[in-house]
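Notes follow the structure.
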Amino acid sequence: MTVLTIRDVPEDVKEALARDARESGQSLQAFLLGVLRRQAAFSRNRQLLSEIERDLAEGGGAGDDAPDAAALLEQARPEDLDGGRFGAGGAA
């Protein structure tokens, strides 16, 4: 693992982060590691979207034989949204 040091953090910023960490039941270190992990994931998502955009601009994309997205979503949905684990009476 890598150790990071951040210098010159304003006291009000540090206090706000420490408060958020306490409210989430985490140490400041654990909280900040979570923030960094989310940021890295967002960065990967932006990179993937850029690659998709580039591929589409170059004429890429689904071929004529690709399944219909709406049909795939419909097949993936539970048959009865009012019953089962998605029932109106409680959590999943």
Task: Accessible surface ranking that places the most exposed of Leu33, Leu48 first, with a 1.4 angstrom probe - done: Leu48, Leu33
Open item on the list: Rounded, prolate or oblate for segment 1-71? Axes are the square roots of the Cα gyration tensor eigenvalues, ordered a ≥ b ≥ c, and the cut-off for rounded is a/c under 1.5.
Closed with: prolate
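The values are calculated or read from the model by the stated rules, or taken from the named source; none is laboratory data. In this text, all values refer to a predicted model and were calculated from it rather than measured experimentally. The accessibility values were calculated without ligands, DNA or RNA, using every heavy atom of the protein model including side chains. Shrake-Rupley method; radii C 1.70, N 1.55, O 1.52, S 1.80 Å.
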